[in-house]
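The values are calculated or read from the model by the stated rules, or taken from the named source; none is laboratory data. Quantities reported herein were computed from a predicted structural model and do not represent experimental measurements. Glycine gets a Cβ as well: all are built from the backbone with ideal geometry, and neighbour counts include every protein chain shown.
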Amino acid sequence: MRFSPTAAIVLRQVYLLRGSPTRLLPMVAWVAIDIVLWGFITRYLNAVTGPRVNFVATLLGAVLLWDFLGRVMQGVTTAFFEDVWSRNFLNIFATPLTIADYLGGLVITGVGTSLMGLLVMLTLATAAFGLSFLGYGAALAPFLLVLFVTGISLGILGAAIVLRLGPASEWLIWPIPSLLSPFAGVFYPLSVLPGWMQAIGRALPPSYVFEGMRAIVGGHAPPAGALAFAGGLAFVYLLAACWIFAAVYRFAIRTGLIARYSAESAS
Amino acid sequence: MAVMEPVLAVSGLCKTYGALRAVDGVTFEVAAGEIVGLVGPNGAGKTTTINMILGVLQTTAGAIRIDGFDIARRRTQALANTNFAAAYAPLPGNLTVEQNLRVFGMIYCVKDLSARIETLLGEYDLVRHRKTKTGVLSSGEQTRVTLAKAMLNRPKLLLLDEPTASIDPATARRIRRHIVDVAEKAGAGVLWTSHNMYEVAEVCDRVLFLSRGRILLAGEPAALVREHGAASLEDLFVSVANEALDPQAAAS
């Protein structure tokens, strides 16, 4: 990965965000709506169930972390979709840009935009509903790292799917976090799931994050071993996603798919 | 005396899609400072050839070397010295002219990029459009932006696919002169496709007639017209396109 070409991909996204409020607004609006909605739900649940369970930490915290994963993924895929929407593949790929440069740019963009969303979520959840995530301090870092890496992997995988199947497959990508959420145990422990769903859940790094968060909220020590396993699993998925993107890119070069993407702009 | 390696060397180039041979054994070279016209009817294989040279389409057979680098093995090095402009590949319309030039300049790792951008904005009469989103420019202005992008890295090999297709005659003439200058003074090799035979005759040192994926004729424009007894390059083009020309008779 080289600095200048990678920075070019990031700079392109900065230009687009700076010049277009319609791109900036969704980055904060949807997460704010989620936090407000779930904030009031948890406040209501706390009121009707008494102090036995802290729904703010368990439910609102889960929503915040799951939204964060979705934002990371969308940050990566949206940067890729900019090339799809502007029919820019031929211009981009007929250059010395390498796949590592390109993916590096997408990932840095995704990290940057998701951090903006995270900041909005944390501010709103803390100020409006008293969720004290920052009180967990450095203990939060490994949880966020696992979600970061998983979100990046899903984003790269999503980009590979659209590159392979064409622009119309974009609608397949957006619901991926929703499809995974029942298996990841976002709002409930994996133990409530049937066996086959638990098996899938255990293959998903975020499930260890949410089990770990529930342990911490319940006053237990963070499950370091499980988190380390989740981190390792997430990095394996990241490597696999990069490999899949590279394989799809090679397929696109072999078959002329890149040129056909471009050719659509002429029609 | 040392023999200079051509900036582009294409040998035995083939591309097949199933039974269709889109490009069938094409061999040619472009020397430094030379402008070579690649002409032929629609579907002749011109754009397929250019896509393979740009590394966005894998060859079925054959080899492509740019400035001595094999595109299949050393793609990054080969494309660092190459650039292109094509009517069917406009730059992203949601970025301004200056933003587009900066982004692509960084992709090509252009040194002193700000100064280079200023030079190109002036050369292509784009100074007043620098803050304008590329997508709202006229097609002629967009073509000038694409050409400015193509010059960013001072390419040794420039691929131009109908670069003046949507430009008014005065601007087209200025651009043709500019590209001839780039070839003569900077020593860039240029591969130029066009359906405008007047333009090809004016700027190209050599012309390659492509039909059904094969090069049927190659030579200097004026010499080809003379040798084949055609009234003009356009007449010769029409003859080749209609396959009225008998290649064996032409060779004898």
Quiz item: Does the stretch B:26-43 contain at least one residue that is crowded, with 21+ Cβ neighbours inside 10 Å and either touching a His at 6+ places or on another chain (Cβ under 6 Å) or over 18 Å from residue B:206 (Cα atoms) (or both)?
Solution: no
Practice problem: Quick one: in the stretch A:1-33, of everything that is surrounded by fewer than 14 Cβ atoms within 10 Å (Cβ to Cβ) and among the small types (Gly, Ala, Ser), which residue is nearest to the other protein chains (Cβ to nearest Cβ)? | Solution: A:20
Quiz prompt | the stretch A:98-125: number of residues that are closer than 18 Å to residue B:92 by Cβ and either surrounded by fewer than 19 Cβ atoms within 10 Å (Cβ to Cβ) or out of contact with any Gly (no Cβ under 9 Å at 6 or more places or on another chain) (or both) | solution = 3
Quiz item: If we scan the stretch A:53-66, do we find a residue that is modelled with pLDDT of 90 or more, on the phi < 0 side of the Ramachandran plot and surrounded by 22 or more Cβ atoms within 10 Å (Cβ to Cβ)?
Solution: yes
Self-check item: the stretch B:202-234, residues that are in a helix (DSSP H, G or I) and either more than 16 Å from the chain's Cα centre (by Cα) or crowded, with 19+ Cβ neighbours inside 10 Å (or both)
Solution: B:203, B:221, B:222, B:223, B:224, B:225, B:226, B:227, B:233, B:234
Quiz item: How many of the residues making up the stretch B:49-58 are buried (at least 21 other Cβ atoms within 10 Å of the Cβ) and in contact with a Lys or Arg (Cβ under 6 Å, 6 or more places away or on another chain)?
Solution: 1
Quiz item: How about the stretch B:66-124: which of its residues are touching a residue at least 24 places away in the same chain (Cβ under 8 Å), assigned to a loop (DSSP other than H, G, I, E, B) and more than 11 Å from every other protein chain (Cβ to nearest Cβ)?
Solution: B:67, B:68, B:124
Quiz item: If you go through the stretch B:31-42 one residue at a time, do you hit one that is assigned to a helix (DSSP H, G or I), under 25 Å from residue B:177 (Cβ atoms) and modelled with pLDDT under 95?
Solution: no
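To keep it simple, each residue is scored yes or no on (1) among the aromatic types (Phe, Trp, Tyr); (2) closer than 30 Å to residue B:159 by Cβ.
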{"site": "A:53", "(1), (2)": "no, no"}
{"site": "A:57", "(1), (2)": "no, no"}
{"site": "A:70", "(1), (2)": "no, no"}
{"site": "A:80", "(1), (2)": "yes, yes"}
{"site": "A:83", "(1), (2)": "no, yes"}
{"site": "A:97", "(1), (2)": "no, yes"}
{"site": "A:105", "(1), (2)": "no, yes"}
Self-check item: Filter result (assigned to a loop (DSSP other than H, G, I, E, B) and of a type outside the set (Phe, Trp, Tyr)) within the stretch A:152-176
Solution: A:166, A:175
Self-check item: Selection within the stretch B:139-174 - assigned to a loop (DSSP other than H, G, I, E, B) and at pLDDT 90 or above
Solution: B:152, B:153, B:154, B:155, B:156
